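Derivation of every value follows stated rules applied to the coordinates shown; laboratory data play no part. Computed from a prediction, not measured in an experiment: that's the story for all the values here. We place every Cβ from the backbone using ideal geometry, glycine too, and count neighbours over all the protein chains shown.
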Amino acid sequence: MIRNPSKTFALIVEGKSMIEDGILDGDIIFVQKQTYANNGDTVVAMVNNQATVKRFYLHRKREIHSNPQSHAHPPATEQQVELRPANETMSSFWYKPQNVEIQGILVGLMRRF
């Protein structure tokens, strides 16, 4: 499961934001250290000095629409990072790229019974 142990770390998951991806509270996840991610990757990211596990999406420039209230997220004139939970009861978090520090991508999971 772990291809490069020297570049991998483990975390214990807290919370229910990724339950629809089968990542549950108390699970141990294995994360490959890297500072970048592709759209759709499950990442560990640091935001405001807190680690979070979410799906990563980098959104490019898009036009501002005449009715910004019609969007589930704020209109953007520059890149934005969306950290998307896998829990339909929760909403995505939106950040400027410089406010999100990718720590690595999820490469494995272990669950104790």
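A few remarks follow.
- Inter-probe distance in nm under a simple model that places probes 7 Å from Cα toward Cβ, at GLN50 and GLU14: 0.9
- Inter-probe distance in nm under a simple model that places probes 7 Å from Cα toward Cβ, at ASN99 and ASN38: 2.8
- Total formal charge among the other residues, if their Cβ is under 15 angstrom from that of ARG111, Lys/Arg +1 and Asp/Glu -1: -2
- Extension gain, HIS59 to LEU24: 0.36 nm times the residue separation minus the Cα-Cα distance gives 9.9 nm.
- Under 5 Å, built H, 5+ apart or other chain: amide partners of GLN103: VAL44, ALA45, MET46
- Karplus (6.51, -1.76, 1.60) ³J(HN,Hα), θ = phi - 60°, over region 87-99, in Hz, Gly and Pro reported as x: 8, 4, 8, 10, 9, 5, 10, 10, 9, 6, x, 5, 9
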